[in-house]
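The values are calculated or read from the model by the stated rules, or taken from the named source; none is laboratory data. All values reported here derive from a predicted model rather than from experimental measurement.
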Amino acid sequence: MKQVAHGRYETVDQHRRSAEALAAGTQELAALERLEKRLSSEKKETLIGHKSSPCTPRKKKELPRDPHP
């Protein structure tokens, strides 16, 4: 009787551990996807915010002219 009970407990315990691991993996994956989305969004904002991005040529600064030549 004890052997049957222990065997069933081990089976139930293994299922519980598998379910917990699956739930934890799902939560970790969701967290990684949120992080990836946030970092991607921040990267886009950074690239858009830069005035001297590789796609936009820099303008030359004009020096003020001397009023008394």
Restricting attention to segment 1-25, which residues are aliphatic (A, V, I, L, M) and modelled with pLDDT of 95 or more? 12, 19, 21, 22, 23, 24
Number of positions in segment 1-20 that are of a type in the set (Lys, Arg) and within 31 Å of the chain's Cα centre (by Cα): 2
Any chance residue 62 is in a loop (DSSP other than H, G, I, E, B) and modelled with pLDDT of 70 or more: yes
